Amino acid sequence: MAPIALATFQVSPVLAAVLAVLLVGANTASAQAADTCMDSAAVEVHMDKAAADGILSDMMKSNYSCPPESFYWEHHPEVWGGFKGCVAEIGLAPCGTNGFSGIAGMLATKLPETYDVATKTCTKTGFTIMDEKLIITGGLPHDGPELKKRTGIFPVISFPLIRSPYPKYLNDEVNSNDDEDMKATLKEFMMYQNAFTKDELAAYDVMGTEGAEQGMVTIHSGKALEIAMTTCNRAIYVLVEAPSYGYTTARIQQLVNEEKSKFLKVHTNWYNATGNVTINYTCPDVDVTVEMVGWFAGSGYPSKMSGYMEDVIATSTMMTSPWFESMVYPENPSGKVKKSNIPASMNRLVCDGCYLYPTYFGPGQTKGKATGAPADFYSGDMTEGYYIPKTVDFPKCDAWAFSITKMYSASVRAGTVMYKANNAAHYLTIGKKWNSLAEGSVSEWTWSGQIQIWKMLMSKPLFDPHSWMGAYSKLQDEKSQFLVDGFKNCPVVEYLNAKTTAYSFYRFKAGYTSRASSTPNWWLHTLNIASFDYSWGFRGADAGIATYYGTPGMTKYDFQRLHLYRDIGVYKEVGRRAGIVCAGGKLPGMMSTAEWAAVSGHTTATNGTTGRRLLAADAAFDTSHVNHADSSTIHLSHFSPAEKSYHTELHRQHLAYQAIIASCTETNTMDTDCMFRGLDVYTAGFAPVQSGAGATSAIDGAL
């Protein structure tokens, strides 16, 4: 079978033999998937046979020999001593681990292997995933190897070195740009996945980007620039339904204010809300500011003062409104399929389409079976959903930002902006900034690679269970099911959006709410899981949280988000841990929920004092006895010095994260890059805390 399939790639008999051996050694599921590998769905390779042999050989070694979240790599002799073998997908750190903690934190995180810098070798630790501190922060995709097994598609993207000129993009002449084929292929792909019709797409033009974040900065900047050029508004507000993802507002403002000379200076014949006219209204000569304003569905819309000194509601149809609207479709983290609020006639809606794939419209939001899906598309616990719902409420966005990040790879920085052709000027003004040589322009490899990836995604019918998106839908469903089972009837937290989208979103239940930024994190101390709360995602709508979720006293710190992009085995382990802890048990070296509640101040002693807690001032355990006779007081004397050291360090990391988040929160808006710097504190190793007669050992400290 292998040599026949490999003939598509014109590989050598030697490589065919190697791959055949690897396939025989694979597990049953992998071998079944491999029966379809290297078929016509694979992208054509435009390179010499030896190069193709090498790439495919390493790819097969990665998929069938390396642990999850690692791949085969041969380092340069000057890098890690020329290490050859399985390396982490993150950072390419030696040894077949996940790479989140780098080299220094391997032991502290309890990974199965550590790398000895002196001997340049990997050492087995004896730890398994059951011991590991699971880091589930951000949203770094790791599903490629699993999807290759399930689909049998082993894509190789080629970049033949033929052309030499500088790139040419966003020119006024029709069809005169390098990336015209990329634009056409994006629209073909959108029709393939039933996101848009051909008639709908005819209204849009396309530009290339290096990912959804850059795309959203582009269209937020473009829309804000449009408002500044056509009105006297300089304080511009972005309506977002809370909770909501956000973007780097400082960069958006900078891009807009670089065009300050184009801002409207005098508004001729301005009519105020009562119909009175001002012949020449002078606009303020100040920079633009952009603020995201959160709002909960069902509550009153917010209003803000415009540049005309009028209080304007967010849904106003006045062309002098300082508002535009932004949404992620479906939303991060809730997965909600949101509806627009500002009337479509205003052309004030811009959309993040990073998740606009059938995979992210699970049955938590999208009901019923997909039209045209074959009988074998749904199986097991996956019984409905996973198609893009084209209803009357599908957003009519003036511009969209897309990327391949959440469907194929975040390492490959490639995306697009799709904008209304009849309202293009402001988006093009911003887009051309990225295409200057000073900004690096966009590589030919970015747009030509995207074309090849889209063709790979379209190589099988959409709802074929072995198509890339069909297999991904099933994989996401299985991950979510592990969490559904693990957190079922959990008395502490509620899984709010099961089988909905790329993230699992949780809220604390009554009795465990009213947390503050300094409250010890239940996920860290009981489940040994580093993730993040969504305190920054409510965009100033904090006062409405308790009402919207129906829980008095609930705060923005009472939510937690886990992404669903790590290997499926991680979520099986999360479900296992949750089942134990939610049932009142505890994991080795970790706290039970009762112990956590006590140190967090969630229990009250009969003498009126709170239970034992971690001191926010220095993050050290308070080991004094509050009341020996009080059964609600939990004494932690049964924890070893190393365990106390570990929990103290976990809380220090939590406080450090919260401090960074507070420092980089702009006006109701999170600087995305700054947020990721905050998440880095959870991946670091640590120096064990001094205890008793002396310091704990490095190994004990890793407890």
Practice task
Please go through the range 117-131 and pick out each residue that is part of a loop (DSSP other than H, G, I, E, B) and surrounded by 14 or more Cβ atoms within 10 Å (Cβ to Cβ).
Solution key: 125, 127, 129, 131
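Test of understanding: among 307, 368, 364, which residue is in contact (Cβ under 8 Å) with a residue 40 or more places away in the chain and within 29 Å of residue 562 (Cβ to Cβ)?
That would be 364, the only listed residue that is in contact (Cβ under 8 Å) with a residue 40 or more places away in the chain and within 29 Å of residue 562 (Cβ to Cβ).
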Practice task
Go through (1) on the phi < 0 side of the Ramachandran plot; (2) part of a loop (DSSP other than H, G, I, E, B) one by one and return the number of the condition residue 138 breaks.
Solution key: (1)
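Yes/no matrix, rows are residues, columns are (1) at pLDDT 80 or above; (2) farther than 18 Å from residue 508 by Cα; (3) of a type in the set (Val, Ile, Thr):
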position	(1), (2), (3)
600	no, no, no
620	no, yes, no
637	no, yes, no
646	yes, yes, no
652	yes, yes, no
Exercise for the section: Hey, can you tell me all the residues within the range 525-544 that are aliphatic (A, V, I, L, M), touching a residue at least 12 places away in the same chain (Cβ under 8 Å) and surrounded by fewer than 23 Cβ atoms within 10 Å (Cβ to Cβ)? Expected result: 541
Handout entry: Filter pass, residue 431 being in contact with a Leu (Cβ under 9 Å, 6 or more places away or on another chain), open to solvent by 50 Å² or more (accessible area, probe 1.4 Å) and within 28 Å of residue 199 (Cβ to Cβ)
Key = no
Practice task
Tell me, yes or no, whether the range 427-439 has at least one residue that is out of contact with any strand residue (DSSP E or B) (no Cβ under 7 Å at 6 or more places or on another chain), more than 30 Å from residue 340 (Cα to Cα) and in contact (Cβ under 8 Å) with a residue 60 or more places away in the chain.
Solution key: yes
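Going residue by residue through the range 223-237, is there one that turns out to be part of a helix (DSSP H, G or I), touching a residue at least 40 places away in the same chain (Cβ under 8 Å) and in contact with a Pro (Cβ under 9 Å, 6 or more places away or on another chain)?
Yes, that holds for at least one residue.
If only one of 105, 91 is free of Cβ contacts under 8 Å to residues at least 24 places away in the same chain and of a type in the set (Gly, Ala, Ser), which one is it?
The match here is 91.
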Practice task
Return only the number of the condition from (1) of a type outside the set (Gly, Ala, Ser); (2) under 28 Å from residue 327 (Cβ atoms); (3) buried (at least 21 other Cβ atoms within 10 Å of the Cβ) that residue 522 does not satisfy.
Solution key: (2)
Exercise for the section: Working only within the range 547-574, note down all residues that are in a helix (DSSP H, G or I), touching a Gly at 6+ places or on another chain (Cβ under 8 Å) and either open to solvent by 10 Å² or more (accessible area, probe 1.4 Å) or of a type in the set (Phe, Trp, Tyr) (or both). Expected result: 548
Handout entry: Qualifying residue in the range 331-351 (condition: without any contact (Cβ under 8 Å) to a residue 12 or more places away in the chain, open to solvent by less than 50 Å² (accessible area, probe 1.4 Å), under 17 Å from residue 233 (Cβ atoms) and part of a strand (DSSP E or B))
Key = no
Fill in the blank from the handout: Per the filter on the range 385-413, residues part of a strand (DSSP E or B) and polar (S, T, N, Q) are 403
Practice task
For residue 247, state whether it is touching a residue at least 40 places away in the same chain (Cβ under 8 Å), surrounded by 20 or more Cβ atoms within 10 Å (Cβ to Cβ) and in a loop (DSSP other than H, G, I, E, B).
Solution key: yes
Practice task
Kindly indicate the residue of the range 362-405 that is β-branched (Val, Ile, Thr) and more than 26 Å from residue 326 (Cβ to Cβ) and also least open to solvent (accessible area, probe 1.4 Å) among those meeting that condition.
Solution key: 383
Fill in the blank from the handout: When restricted to 359, 416, the only residue part of a helix (DSSP H, G or I), open to solvent by less than 60 Å² (accessible area, probe 1.4 Å) and at negative phi is 359
Practice task
Would you mind telling me which numbered condition in (1) in a loop (DSSP other than H, G, I, E, B); (2) in contact with a strand residue (DSSP E or B) (Cβ under 6 Å, 6 or more places away or on another chain); (3) hydrophobic (A, V, I, L, M, F, W, C) residue 286 fails?
Solution key: (2)
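Can you find a residue that is hydrophobic (A, V, I, L, M, F, W, C) and modelled with pLDDT of 85 or more anywhere in the range 39-56?
Within the range 39-56, none of the residues are hydrophobic (A, V, I, L, M, F, W, C) and modelled with pLDDT of 85 or more.
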Completion exercise
Matching residues in the range 296-328 (farther than 25 Å from residue 274 by Cα and either modelled with pLDDT under 95 or surrounded by fewer than 21 Cβ atoms within 10 Å (Cβ to Cβ) (or both)) number 4
Practice task
Scan the range 309-330 residue by residue and report those that are under 24 Å from residue 427 (Cβ atoms) and part of a loop (DSSP other than H, G, I, E, B).
Solution key: 314, 315, 316, 317, 318, 319, 320, 321, 322, 329, 330
Exercise for the section: Among the numbered conditions (1) touching a residue at least 24 places away in the same chain (Cβ under 8 Å); (2) surrounded by 21 or more Cβ atoms within 10 Å (Cβ to Cβ); (3) assigned to a loop (DSSP other than H, G, I, E, B), tell me where residue 111 comes up short. Expected result: (1)
Practice task
Would you point out which residue out of 69, 78 is among the charged types (D, E, K, R), modelled with pLDDT of 85 or more and open to solvent by less than 30 Å² (accessible area, probe 1.4 Å)?
Solution key: 69
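The values are calculated or read from the model by the stated rules, or taken from the named source; none is laboratory data. Please read all numbers here as calculations on a predicted model, not as lab measurements. Positions of Cβ are backbone-derived with ideal geometry, glycine not excepted, and every protein chain shown enters the neighbour counts. Just so you know, the surface numbers come from the protein's heavy atoms only, side chains and all, with ligands and any DNA or RNA stripped out. Shrake-Rupley method; radii C 1.70, N 1.55, O 1.52, S 1.80 Å.
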